[in-house]
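Have a look at the structure below before the remarks.
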Amino acid sequence: MKQIIEDRLIEYRVINLDSNTSTLDYLKKNNFSFNLRHVDHKTFESLQASNKIIVVERKPLVGYGKLKGTHFRQSGGLKISDPDERISGSFIIEDKRIIYEAGEPFYRERDSFVYFNGVRYYTEMSMLDILKEELNQERQYLIYMGQKFEKEKMCYIDQFEEVSKDELLEYAIDSEKGEYSLKMRSYY
């Protein structure tokens, strides 16, 4: 069993999730927009027991909002970033694929307000814990490598490197891998 806490503005509601239930699937199913924030154990316990408002100044770990376009780098959709900024970029979770994009955390996107308007939740789970849950679902795992201009179509085409589940996980652990992919990014 795992728990998340819903911030109801004047009170906090503890939600118990079965260990087989994906945290993000539960939140997507029950919200139009949300953000999930990582807190330490002491803060989590304080929120559970509180009968007053507690101000938690943390960047979001996960953001979800209505997608503003069809391109994966647009604002909106489901995105995971490291709130402590040890790992650069975002993991973009789609139905059939997970894309690591090393550019910047989703909460720094130009239209990041998309992720801050929804319901706020708190968890003790780390970015790695959340990502591991998502890796349990069958998907394609990709690293965004930039764009290439195709003369025939007269447009830029996104370039990806397909990786294994284990290799994608390395991007959530090793900051140098993300920095290297950003340096290798191409724009032809």
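Values as computed for the structure displayed
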{"item": "Listed residue (GLN159, MET184, PHE149) projecting farthest to the positive dipole end of segment 125-188, Cβ model", "result": "PHE149"}
{"item": "FRET efficiency, 1/(1 + (r/R0)^6) with R0 22 Å, evaluated for SER46 and GLU85 via beta carbons", "result": "0.35"}
{"item": "Alpha carbon Rg of the chain, scaled by the compact-globule rule 2.2 N^0.38 Å", "result": "1.07"}
{"item": "Cut-off under 5 Å, modelled amide H: who pairs with GLY146 long-range", "result": "GLN159, SER186"}
{"item": "Cβ charges +1 (Lys, Arg) and -1 (Asp, Glu), total dipole of segment 16-87, debye", "result": "380 debye"}
{"item": "For segment 135-188: accessible area per residue (Å², 1.4 Å)", "result": "69 Å²"}
{"item": "Choice from LEU47, LEU61, LEU78 showing the highest fluctuation, given a GNM over the chain with Cα pairs closer than 10 Å", "result": "LEU47"}
{"item": "Helix-derived mean residue ellipticity, 222 nm - over the chain, DSSP H n ≥ 4, -39500 (n - 2.57), to 500", "result": "-6500 deg cm²/dmol"}
{"item": "In Hz, Karplus ³J(HN,Hα) per residue of segment 13-24 (6.51, -1.76, 1.60; θ = phi - 60°; x = Gly, Pro)", "result": "10, 7, 10, 8, 10, 4, 5, 8, 8, 5, 4, 6"}
{"item": "Rounded Å value of the spacing that divides the Cα centres of segment 125-188 and segment 39-66", "result": "29 Å"}
{"item": "Karplus-derived 3J(HN,Hα), 6.51/-1.76/1.60, for each residue of segment 167-180, Hz, glycine and proline x", "result": "5, 4, 4, 4, 5, 8, 10, 10, 5, 5, 5, x, 5, 5"}
{"item": "Highest-first arrangement of 130-136, 4-10, where packing means the average Cβ count within 10 Å", "result": "130-136, 4-10"}
{"item": "Whole-percent carbon and sulfur share, accessible surface of the chain, 1.4 Å", "result": "47 percent"}
{"item": "Phi-based couplings in Hz for segment 155-165 (Karplus 6.51, -1.76, 1.60; Gly and Pro marked x)", "result": "7, 8, 10, 5, 10, 10, 10, 7, 10, 7, 4"}
{"item": "Loop-located chymotrypsin sites (Phe, Trp or Tyr not before Pro) in segment 15-76 whose Cβ has at most 13 other Cβ within 10 Å (DSSP)", "result": "PHE32"}
{"item": "Theoretical gain in end-to-end length, ASP129 to LEU169 [0.36 nm per residue, Cα-Cα removed]", "result": "13.4 nm"}
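The values are calculated or read from the model by the stated rules, or taken from the named source; none is laboratory data. In this text the structure is predicted, and so the values were computed from the model without any measurement. Here the Cβ is made from the backbone with ideal geometry for all residues, glycine too, and neighbour counts use every protein chain on show. Calculation scope for accessible area: heavy atoms of the full protein, side chains included, ligands and nucleic acids excluded. Shrake-Rupley method; radii C 1.70, N 1.55, O 1.52, S 1.80 Å.
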